[in-house]
Amino acid sequence: MQNDLMVASDLQDALVTEITELLSETSSTNAQGEAVTGVTGYKQFLPVLRNDDDTPDMYFPYFIVRLDGATTEDDNDLWNVRANILIGIHDEGDDNQGHKVMLNAITRIVNRFSQEATLGKPGHKAFRCQSKMEWALQDEDTWPCFFGGVSLTFSVPKPSRKDPILDGYDE
C-alpha cells in the first residue's frame with residue numbers, strides 16, 4: 001500500500017527548493033574570492049570532505065536545511081517540525097559588511113513565510129509555517145565568512161491512530 005502522507009523529508013526537500021529560488025539573486029563571493037550569484041542548498045549537513053585539500057570553505061555560499069526534531073501534543077494534532085536554515089556567506093570586502101548580505105538573505109526567507117505561510121501546493125504535499133520565527137547572526141567576527149540562521153516550525157500531517165479497542169466502542 002502506498003502512503004501519500006507527507007513526511008519530514010518532503011518538507012526538507014521543499015524548503016531546499018524554495019530557499020534556492022529565494023536566494024537565487026544573492027551576490028557574494030566564493031572561497032577563491034570570485035563573484036558568484038545564488039546560494040547552494042544542502043539537506044541536514046554539508047557534503048563529506050573526501051580529499052586532503054577539501055575544506056568546508058569550498059561550499060561558500062551555502063545554506064543547510066536542518067530538521068532538528070518534532071513534537072505533537074495528542075492523537076489529533078499535527079507534527080510541529082522544527083527546521084533550522086543555517087546560512088554561510090563569503091564576502092572579502094575590506095569594509096567587513098558581509099553581514100548585510102546575510103541580513104538580506106534572512107529577510108527574504110522570513111518575509112516569504114510571514115507573507116505566505118503555505119509551502120507547496122495546497123491539498124498536495126503542502127506544509128504550513130507557524131507564526132513564531134527566529135533568526136540570528138553570529139556573535140564573533142569571522143571575516144571573510146559570515147554566518148546566520150532562521151528557525152521555522154512547520155505543521156506536518158500525521159496518520160490517525162488506530163485503536164481496535166476504542167474504534168469499536170460506543171458510548
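Being of a type in the set (Asp, Glu), free of Cβ contacts under 8 Å to residues at least 40 places away in the same chain and more than 23 Å from residue 30 (Cβ to Cβ) narrows it down to one of 94, 74, so name that one.
Unique residue meeting the criteria: 74.
Quick one: in region 127-150, which of the residues that are part of a strand (DSSP E or B), of a type in the set (A, V, I, L, M, F, W, C) and under 15 Å from the mean Cα position of the chain (by Cα) is surrounded by the fewest Cβ atoms within 10 Å (Cβ to Cβ)?
Per the criteria, the residue is 136.
Yes/no matrix, rows are residues, columns are (1) among the hydroxyl-bearing types (Ser, Thr, Tyr); (2) in contact with a Ser or Thr (Cβ under 8 Å, 6 or more places away or on another chain):
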residue: 96; (1), (2): no, no
residue: 118; (1), (2): yes, no
residue: 121; (1), (2): no, no
residue: 132; (1), (2): no, yes
residue: 139; (1), (2): no, no
residue: 144; (1), (2): no, yes
residue: 148; (1), (2): no, no
residue: 158; (1), (2): no, yes
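Please enumerate the residues belonging to region 98-126 that are farther than 17 Å from residue 22 by Cα and surrounded by 13 or more Cβ atoms within 10 Å (Cβ to Cβ).
Those that are farther than 17 Å from residue 22 by Cα and surrounded by 13 or more Cβ atoms within 10 Å (Cβ to Cβ): 98, 99, 125, 126.
Which of (1) within 26 Å of residue 10 (Cα to Cα); (2) over 17 Å from the mean Cα position of the chain (by Cα); (3) surrounded by 15 or more Cβ atoms within 10 Å (Cβ to Cβ) is the odd one out, the single condition residue 80 does not satisfy?
Here residue 80 meets the rest and fails (2).
Just for strands (runs of 3 or more DSSP E) wholly inside region 1-102: which have at least 2 residues that are hydrophobic (A, V, I, L, M, F, W, C) and under 22 Å from residue 138 (Cβ atoms)? Show your work before the answer.
Numbers: elements: 27-29, 35-37, 40-43, 62-71, 79-90.
Of the strands (runs of 3 or more DSSP E) lying wholly inside region 1-102, those with at least 2 residues that are hydrophobic (A, V, I, L, M, F, W, C) and under 22 Å from residue 138 (Cβ atoms) span 62-71, 79-90.
None of the figures in this text is laboratory data; all of them are computed from the coordinates on show. Everything numeric in this text was worked out from a predicted model, so none of it was measured. Quick reminder, even Gly has a Cβ in these numbers, built from the backbone with ideal geometry, and neighbours come from all protein chains shown.
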